[in-house]
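Notes to accompany the following structure.
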Amino acid sequence: MAIDSVIDAKQIKTDSESLAVWGKDWTNGFEVAPSAVVFPESNEQVVAIVEYAIANQVSLVPSGGRTGLSGGAVASSGEVVVSFDRMNRIIDFNKEDRLVTCQAGVVTQVLQEFAAEHDLFYPVDFASAGSSQVGGNVATNAGGIKVIRYGLTRNWVAGMRIVTGAGVLLACNQGLVKNATGYDLRHLFIGSEGTLGLICEVDMRLTSLPESQVVMVVGVPNAVDLLSVLMAFSDELTLSAFEFFSDLALDKVIAHRDLQPPLATREPYYALLEFDESSLDAATRAFEHCVTEGWVTDGVISQSGAQAQALWQLREGISESIAGDTPYKNDLSVTINQVPEFLSDVDQFVEASYPGYDVCWYGHIGDGNLHLNILRPEDMSVEDFMEKGHEMSPKIFELVQERQGSISAEHGVGLLKKDFLNYTRSDKEIELMRGLKNLFDPHQILNPGKLFS
Ligand code: MLT
Ligand code: ZN
């Protein structure tokens, strides 16, 4: 039986160009070989696709905005890709509960704009908000730039409709704030990377619009002082964001986007802070204290929304600006108090073992999440450099493990990190996770080979 027995032929693509586009996410280096892409338009069609997959022993790879960086949405061996591009409607809004019901394919930015139109705020935000989709955000528990104040996607999911690998359409929590009736299955699906169920609809909670935000960028000569700066500001005010980037990252982004450096002097590191306009005096006090202590040499502060956005570009444009260097990418976290020492551990390791490699640091340092990007030397082929990456990974993950950190803070495990899961999760935990996988996906049809083999 072919897939067009359960879904209209117009909702199926099998041409090679489409297979190449929908068969992968932003992760490179894996074979891309799906057999078809299907575009369901309703929960019932998703159920029918799963039933078809069970009956015909076909594997399914759920696919959202395909902005993932761990290969969670890569189809490498004849799977059918289930794209949520046509399930992209906001289907309900309840002002009293501040709840918006989105189909999985609603783009993050569309949700943010919808909230703003109703004088409300959806606070989860990141550089790929213009193309990532709500279902993918939930499947990976997306984090981003405002986690320090608003938390991860998990904090905002008030309910969901999901089709399990057994083809059962489950409604998990129905927008309730309080629901003390046993296991909250919703939270199992959040961050499960499409291995337990296909997310069809999500009830997202919204919050009050914040006041106007101010952005400050400061130059920090020593990595160890990034933490001192964070503490100095956090003692005085509530931060909405505390990001950092290295001077090499600044070089890359200003060259790529044709921007100006933010400060007259260059420093090894920069911190980007965002806070409410009413905290300006407190922020000025914190800044002066940092300068007196020698933690910060200079700073710039936005005077308008446009200037705030321009400063944000310096951080949000980094990932794109280094893509051409085919970097060895890593997304690591440790507890905030260990950040400076961990940064120095990694720097020392790279310097000693791979002299001459450029390390480009940036990330959400205010919540302990560091993006380590080692750039490919110009004279090295992509293949040879990928080999080097494979060689480096266990050594870097040992440094993470020593500090009980995470080998994937916000990008997920997917195909990329699955062989290293045990650096962060114990054997017992992995065994229990496998048990859950068998329970929700007894036929092993959902995103097989992701998270673990
Ligand atoms: C970011 O924070 O810019 C994103 O997670 C993307 C990346 O790590 O490159
Ligand atoms: Zn990030």
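Side notes on the structure shown:
- Debye equation applied to the C-alpha atoms of segment 36-116, log10 I(q)/I(0) at 0.12, 0.18 Å⁻¹: -0.43, -0.82
- Convex hull of alpha carbon positions in segment 1-139: directionally averaged projected area 9.0 nm².
- Two-decimal log10 I(q)/I(0) for the chain, as the Debye equation yields it once each C-alpha is a single scatterer, q = 0.07, 0.08, 0.09 Å⁻¹: -0.36, -0.47, -0.60
- Principal-axis analysis of the Cα atoms of the chain puts helix 382-402 at an angle of about 80° to the longest axis.
- Given charges at Cβ of Lys, Arg, Asp, Glu: segment 172-226 dipole, positive-most of 222, 180, 198: 180
- Amide H contacts of residue 358: 375, each under 5 Å away and 5 or more positions distant or on a separate chain (H built 1.01 Å from N in the peptide plane; Pro and chain starts excluded).
- 5 Å-binned pair-distance histogram of segment 240-355 (Cα, whole percent): 2, 9, 16, 21, 21, 17, 9, 4, 1, 0
- For segment 386-453, the calculated P(r) over all alpha carbon pairs, in 5 Å bins from 0 to the bin holding the longest distance, is 4, 15, 23, 25, 17, 9, 6, 1 percent.
- Under 12 Å, Cβ to Cβ, from residue 388 - net charge with Lys/Arg +1 and Asp/Glu -1: -2
- Taken about its Cα centre, the chain carries a charge dipole of about 1280 debye when Lys and Arg each add +1 at the Cβ and Asp and Glu each add -1 at the Cβ.
- Taking N as its residue count, the alpha carbon Rg of segment 329-453 over 2.2 N^0.38 Å: 1.17
- For the chain, the longest principal axis of the Cα atoms and the long axis of helix 339-353 meet at an angle of about 90 degrees.
- Taken over segment 286-340, the ratio of Cα radius of gyration to 2.2 N^0.38 Å equals 1.56.
- Dipole of the chain, positive direction: furthest Cα of 303, 77, 1, with charges on the beta-carbon: 1
- Compactness check for segment 300-398: Cα Rg over 2.2 N^0.38 Å is 1.22.
- Point-to-point label distance, residue 383-residue 260, nm (Cα→Cβ direction, 7 Å offset): 4.7 nm
- Semi-axes of the equivalent ellipsoid for segment 165-276, Cα gyration tensor, largest first, Å: 41, 20, 14
- Distance between modelled label sites at residue 293 and residue 86, nm, 7 Å Cα→Cβ extension: 5.7 nm
Every read-out reported here was derived from the displayed coordinates using simple, explicitly stated rules and does not represent laboratory data. None of the values given here were measured: they were computed from a predicted structure. FYI the Cβ positions are ideal-geometry reconstructions off the backbone, even for glycines, and counts take in every protein chain you see.
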